[in-house]
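The values are calculated or read from the model by the stated rules, or taken from the named source; none is laboratory data. Computed from a predicted model, the values in this text were never measured in an experiment. We place every Cβ from the backbone using ideal geometry, glycine too, and count neighbours over all the protein chains shown. Surface areas here come from the heavy atoms of the whole protein model, side chains and all, with no ligands, DNA or RNA. Shrake-Rupley method; radii C 1.70, N 1.55, O 1.52, S 1.80 Å.
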Amino acid sequence: MTRIANNIDPTTADSRNSDVMPNAHGMFGEYGGRYVAETLIEPLAELEQAYSHYKDDPEFIAEFDTDLAHYVGRPSPLYHAQRLSQKYAGAQIYLKREDLNHTGAHKINNTIGQALLAKRMGKPRIIAETGAGQHGVASATVAARLGLECVVYMGEQDIHRQAPNVYRMKLLGAKVVPVTSGSKTLKDALNEALRDWVTNVDNTFYIIGTVAGPHPYPLLVRDFQSIIGREAREQMQQQTGSLPDALVACVGGGSNAIGLFHPFINDESVNMFGVEAGGYGLETGKHSAPLNSGRPGVLHGNRTYLMEDDNGQIIETHSISAGLDYPGVGPEHAWLKDIGRVQYDSVTDDEALAAFHELTRVEGIIPALESSHAIAYATKLASTMSSDKKILVNLSGRGDKDINTVAEIEGITI
Amino acid sequence: MSRLQATFENLAKDGRTALIAYVTAGDPHPDLTVQILHTLVEAGCDVIELGIPFSDPMADGPVIQSACERALAHGTSLKQVLNMVEEFREQDTQTPIVLMGYQNPIEVMGMKKFAKQAQQKQVDGILTVDMPIEQAEEAVNEYKKHELDNIFLIAPTTSSERIKHICDHSSGFVYYVSLKGVTGAGNLDTVEVAKNIEEIKKSTTLPVGVGFGIKDPESASKVAAIADAVVVGSAIINEIEAHASDNDKMLGNIKALMSSIRLAMDNSSTNQQQNKEVA
């Protein structure tokens with residue numbers, strides 16, 4: 001049986017130990033917390049209580065494990081990308097194939113966990129926000145399977161960018177609500193979902209898709225996604241006899257990255273790299289890289305690094321990938337940056353797009369544009385390392401949803 | 001004695017309920033805000049809640065979200081909001097002003113600097129929507145030090161234990177959110193509200209204001225009968241939005257709306273008073 005959370009005695013663990021984070025107030029160092037309107041305080045406390053009960057409940061754990069195995073298709077493979085590695089004549093690149101999960105991305109790991117909680121808490125209606133549509137699809141999927149009503153909030157701009165996923169959600173029976181306020185992207189979808197939740201809190205469970213939002217969301221999403229790193233750690237040791245030298249994952253809100261990183265946090269020999277969306281380049285200001293060029297502030301229920309102007313207004317972000325187009329980042333990443341455990345860097349739209357094509361042509365795997373950021377960074381990193389070193393990349397999603405975007409950029413009519 | 005305390009005490013002497021008006025600073029244009037505030041006072045408003053515009057007002061409905069967007073389109077900053085209060089004070093030294101908003105713009109200015117300036121410009125209280133009591137220790141102390149009242153929200157979901165905790169750290173008044181929802185929503189249940197006010201009154205002697213979902217004389221008079229203050233926001237902003245290009249009409253309509261609400265409330269509290277005397 002898999003444990004959902006790593007239970008380590010907090011009295012003996014050191015303060016850099018991610019297993020003791022967050023503290024009782026949901027803080028990762030100075031980040032995280034619960035910055036929400038009063039109406040949501042009790043519902044969040046109720047959720048925290050339910051989670052802290054069920055995470056150790058054998059029946060809950062067994063159901064979660066069974067669903068991950070037989071519905072999601074876990075464990076996802078660990079694949080040695082030999083041709084890609086040879087091309088860069090450096091470190092060996094391994095891909096954790098979250099793209100092969102049911103619904104095509106890592107998002108389903110978390111929605112299964114939260115939907116099982118919703119069921120136990122007696123909430124017949126679930127809501128979700130989505131950017132790229134992967135979390136929306138994953139939420140609509142579990143809702144269909146459990147017979148729950150599902151409403152997904154999605155920025156109008158993203159609805160245009162991710163048309164195939166919008167149709168998938170509708171096929172699955174979800175109602176997709178276009179969000180027209182603000183920048184019409186993921187952050188505005190999150191605002192609308194919070195407004196829905198505050199209004200329908202009695203019968204509604206809000207499935208947040210990333211490791212952000214008010215406590216306990218960053219904690220429970222991390223725990224549900226940590227299956228990625230736990231599996232990869234074991235697979236790496238089985239296939240190669242040792243741990244990887246480096247981990248690479250893209251970071252928008254940061255759930256796939258935390259899922260991969262968390263089980264390796266105490267392995268000091270493993271370097272970790274989080275890759276933010278550099279958009280048109282950090283120097284242009286048109287990007288989605290708050291850890292690289294933002295500063296700490298408060299948004300969407302937590303304190304974290306944000307993209308904001310001099311007056312504290314959240315600014316519009318840009319990324320080729322809707323899933324990374326978000327001005328904040330999970331508070332645990334903010335903390336991991338400050339303590340220096342993870343290095344956060346960025347790659348541009350163009351680099352990500354090149355990696356998208358390269359992985360497709362060299363390995364026969366079409367990556368999501370989000371994951372393409374991680375691939376782009378990993379190939380750069382690989383070329384600086386010797387061929388006996390190993391890089392583990394989280395291939396967090398598949399690129400089928402992005403083919404329209406890519407075709408449009410390249411002036412091709414499908 | 002703080003302006004808020006004095007205002008509530010004077011109203012209580014007359015058996016009247018306070019009328020609190022919310023508008024977003026800088027909407028429809030920063031140059032008009034002070035004029036709008038004076039109009040609200042002329043119409044009989046006792047306290048002003050001046051919204052600090054924020055790009056992501058997640059506890060507000062579409063009406064106030066749009067007001068924020070209009071204000072931000074003109075670049076309304078927190079510094080400007082404080083200057084508006086200063087300008088308002090040139091003519092009005094009596095009406096309390098509570099700044100209401102979200103934490104991030106305050107944090108960018110710096111909590112200490114903000115508190116100091118708010119006091120200098122004669123702000124009376126601060127209400128930070130996304131700062132529940134657990135996260136507010138530093139803010140509460142800083143604002144107290146600068147003689148600013150700490151206003152907190154209490155919601156229908158707030159437990160009795162929390163109500164006590166919140167009231168212990170509040171001053172000026174406490175703000176009861178009348179419904180589960182965002183600002184400007186409907187479905188106000190006055191029986192439920194009355195029950196919850198009773199619960200809050202067990203924990204505090206502070207006046208209890210009620211807001212969210214009060215939009216016309218009828219709903220205002222119902223709430224006036226059970227609360228110490230009635231907050232009206234989105235209904236005013238609807239007028240601003242509808243007549244943003246015609247200042248006279250906008251100010252005229254705001255004045256008419258708030259005067260009619262004021263009148264309905266006074267009638268309601270007079271009836272209450274008489275009923276109490278008869279009983």
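Results, tabulated for the structure shown:
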{"item": "Of B:Pro105, B:His146, B:Leu72, farthest towards positive along the dipole that unit charges on Lys, Arg, Asp, Glu beta carbons give the range B:3-278", "result": "B:His146"}
{"item": "Relative contact order computed over the range B:35-90 (Cα-Cα under 8 Å; 6+ residues apart), in percent", "result": "34 percent"}
{"item": "Span-rule helices in chain A, defined as complete DSSP H runs reaching 27 Å or more along the axis (Cα) with Kyte mean at least 1.6", "result": "none"}
{"item": "Equivalent ellipsoid semi-axes - Cα gyration tensor, the range A:276-387, angstrom", "result": "27, 16, 12"}
{"item": "Projected label distance in nm at A:Ala69 and B:Lys195, using a 7 Å step from Cα toward the beta-carbon", "result": "4.8 nm"}
{"item": "Distribution of pairwise C-alpha distances over the range B:3-278, 10 Å bins, in %", "result": "7, 32, 39, 19, 2, 0"}
{"item": "The range A:71-96-the range A:375-393 distance, computed between alpha-carbon centres (Å)", "result": "11 Å"}
{"item": "Gaussian network model of chain A, Cα within-10 Å springs - most flexible of A:Asn191, A:Asn292, A:Asn311", "result": "A:Asn311"}
{"item": "Max mean-square fluctuation residue, GNM over chain A, Cα-Cα springs under 10 Å, options A:His135, A:His262, A:His300", "result": "A:His300"}
{"item": "About the Cα centre, charge dipole magnitude for the protein assembly as shown (Lys/Arg +1, Asp/Glu -1 at Cβ), debye", "result": "1040 debye"}
{"item": "Whole-number Å³ per residue for the convex hull built on Cα positions in the range B:131-198", "result": "96 Å³"}
{"item": "Violating pairs (Cα-Cα greater than 23 angstrom) within the set B:Lys13/B:Lys144; A:Lys123/B:Lys222; A:Lys187/B:Lys215; A:Lys170/A:Lys401; A:Lys337/B:Lys144", "result": "B:Lys13/B:Lys144; A:Lys123/B:Lys222; A:Lys187/B:Lys215; A:Lys337/B:Lys144"}
{"item": "For the range B:144-279, convex hull of alpha carbons as volume per residue, Å³", "result": "133 Å³"}
{"item": "Per principal axis, descending, Cα span of chain A in whole Å", "result": "57, 54, 46"}
{"item": "Computed magnitude of the charge dipole of the range B:3-278 (debye, nearest 20; Cβ of K, R +1, Cβ of D, E -1)", "result": "400 debye"}
{"item": "Of all accessible heavy-atom area on the range B:168-279, the percent that carbon and sulfur account for (1.4 Å)", "result": "47 percent"}
{"item": "Pairs of alpha carbons in the range A:339-410 whose separation is greater than 14 Å (percent)", "result": "62 percent"}
{"item": "Paired Rg and Dmax values of the range A:22-164, which use every Cα atom, in angstrom", "result": "18.5, 56"}
{"item": "Heavy atoms of A:Tyr88: accessible area, 1.4 Å probe, square angstrom to 10", "result": "70 Å²"}
{"item": "Mean residue ellipticity (222 nm) of the protein assembly as shown, computed from DSSP H runs ≥ 4 via -39,500 (n - 2.57), nearest 500", "result": "-13500 deg cm²/dmol"}
{"item": "Inter-centroid distance (Cα atoms) of the range B:38-63 relative to the range B:143-183, Å", "result": "17 Å"}
{"item": "Ratio of Rg to Rh over the protein assembly as shown (Cα coordinates, Kirkwood Rh, two decimals)", "result": "1.01"}
{"item": "Dipole of the protein assembly as shown, positive end: most advanced residue of A:Leu190, B:Leu19, A:Thr66 [Cβ charges, Cα centre]", "result": "A:Thr66"}
{"item": "Ranked order, A:Glu192, B:Glu42 - accessible area, probe 1.4 Å, largest first", "result": "B:Glu42, A:Glu192"}
{"item": "Rg and Dmax of the range A:83-176, Cα atoms only, in Å", "result": "16.3, 54"}
{"item": "Calculated SAXS-style log₁₀ I(q)/I(0) at q = 0.22, 0.23, 0.25, 0.28 Å⁻¹ - the range B:17-62, Debye, Cα scatterers", "result": "-0.80, -0.85, -0.93, -1.04"}
{"item": "Mean Cα-pair separation over length for chain B, i.e. relative contact order, pairs under 8 Å, 6 or more apart, %", "result": "22 percent"}
{"item": "Förster-model FRET efficiency, 30 Å R0, B:His38 and B:Glu134, C-beta, rounded to 0.05", "result": "0.20"}
{"item": "Furthest towards positive pole of dipole, A:Ser319, A:Gln225, A:Ile207, structure part the protein assembly as shown, Cβ charges", "result": "A:Gln225"}
{"item": "Volume per residue of the C-alpha convex hull in the range B:189-249, rounded to whole Å³", "result": "91 Å³"}
{"item": "Full-stretch length increase - A:Arg120, A:Ile315 - with 0.36 nm per residue and alpha-carbon distance subtracted", "result": "66.4 nm"}
{"item": "Max mean-square fluctuation residue, GNM over chain A, Cα-Cα springs under 10 Å, options A:Ser183, A:Ser288, A:Ser269", "result": "A:Ser269"}
{"item": "Förster radius 30 Å - calculated FRET efficiency between A:His160 and A:Glu268, Cβ distance, rounded to 0.05", "result": "0.10"}
